[in-house]
Structure formats: C-alpha cells, structure tokens
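The values are calculated or read from the model by the stated rules, or taken from the named source; none is laboratory data. Computed from a predicted model, the values in this text were never measured in an experiment. Methodologically, a virtual Cβ is constructed for each residue, glycine included, from the backbone with ideal geometry; neighbour enumeration extends over all protein chains shown.
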Amino acid sequence: MPPRKRDPDTVGPLAEPPCSPVQARRFAEGVAHFEAGRYFEAHEAWEQAWRLMGDGPEDDAELVLRGLIQLAAALHAGARGRTAAAHRNVDKAAHKLALFPRPFWGWDVAVLLARLPALRGAFPLI
C-alpha cells in the first residue's frame, strides 16, 4: 500500500526521510533515467521508491518524491505533444519540490527548481 498523500499546503518544514537500501537503489535508478532523458522509466523507478514510504511524520517528504514523479510525467507528456498535461504536471511538481530546496537523498532539488521555468517553456501551449 502506498503512503498517504500529504497536502503540500498543510505540512511544515520537511526533513529528509529515512531511506532503505531498496529505496536508495530505486531513487538512484530514477535519477539516472531522468538525466538520460528516459522520463517514463524515471517516473516508474521513483514511484517504486515512493511506494515504500511510510505514513509517519518523518515520511512527509513523500511530497518530494511525488514532485519528482510529476516532473518526470510532465516531461514524458511534453515529449509526446501533450502540452497541457506537461504544464499541469510541471506546476504540481514545482509546488511540491519548493518545499525541499536542498539535496534530497543526494540529488540537488534546488537545481531542478531553477530549471523548471525553462522546462515548462519548452512545451508551448497551442
């Protein structure tokens, strides 16, 4: 069963959550896929890591993983010409990723945040 989804507007400052070896492996696979432009595969790997999150307050940073999943979905959709879906998912991702603007499990989320306007602009609405 996946973790409960938190509302990004109701959580306080997020701490980096515990990371199991399986989560670390799936997260790293997602990063490698994302950086290689394989956004569907990144989405799938990060979703596997997300599903292992718990429901305690230490797991509130599940929002960051959901943001990464949404960002990968946005880029996948945009590459297929689904620009409205790409824009919606980039906006959702930005809202969640802004809650944790420092390295998350070793990956610099702040760098992604800085790239989001350009990523959104790469898919002009028709």
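Key figures
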read-out: Restricting the stretch 84-106 to residues that are within 13 Å of the chain's Cα centre (by Cα) and assigned to a loop (DSSP other than H, G, I, E, B), the residue that is modelled with the lowest pLDDT; value: Pro101
read-out: Any hit, the stretch 38-49, residues being in a helix (DSSP H, G or I), more than 20 Å from Ala94 (Cβ to Cβ) and modelled with pLDDT under 90; value: no
read-out: Residues (within 24 Å of Ala32 (Cβ to Cβ), loosely packed, with under 15 Cβ neighbours inside 10 Å and not aliphatic (A, V, I, L, M)) located in the stretch 102-126; value: Arg102, Pro103, Gly106, Asp108, Arg115
read-out: Positions within the stretch 57-83 being in a loop (DSSP other than H, G, I, E, B) and under 18 Å from Trp105 (Cα atoms), in sequence order; value: Asp60, Ala61
read-out: Residue tally, condition touching a helix residue (DSSP H, G or I) at 6+ places or on another chain (Cβ under 6 Å) and free of Cβ contacts under 8 Å to residues at least 24 places away in the same chain, over the stretch 49-64; value: 0
read-out: Any hit, the stretch 9-30, residues being of a type in the set (Val, Ile, Thr), assigned to a loop (DSSP other than H, G, I, E, B) and closer than 22 Å to Ala98 by Cα; value: yes
read-out: Single residue of the stretch 38-78 satisfying the filter (among the acidic types (Asp, Glu) and in contact with a Pro (Cβ under 6 Å, 6 or more places away or on another chain)) that is farthest from Ala114 (Cα to Cα); value: Asp55
read-out: Qualifying position, being under 27 Å from Ala15 (Cβ atoms) and out of contact with any helix residue (DSSP H, G or I) (no Cβ under 8 Å at 6 or more places or on another chain), among Ala110, Ala94; value: Ala110
read-out: Residue match in the stretch 107-126 (condition: modelled with pLDDT under 90, more than 19 Å from Lys5 (Cα to Cα), part of a loop (DSSP other than H, G, I, E, B) and in contact with a His (Cβ under 7 Å, 6 or more places away or on another chain)); value: yes
read-out: Tally, over the stretch 1-54, of residues that are of a type in the set (Lys, Arg), within 14 Å of Gly106 (Cβ to Cβ) and surrounded by 16 or more Cβ atoms within 10 Å (Cβ to Cβ); value: 1
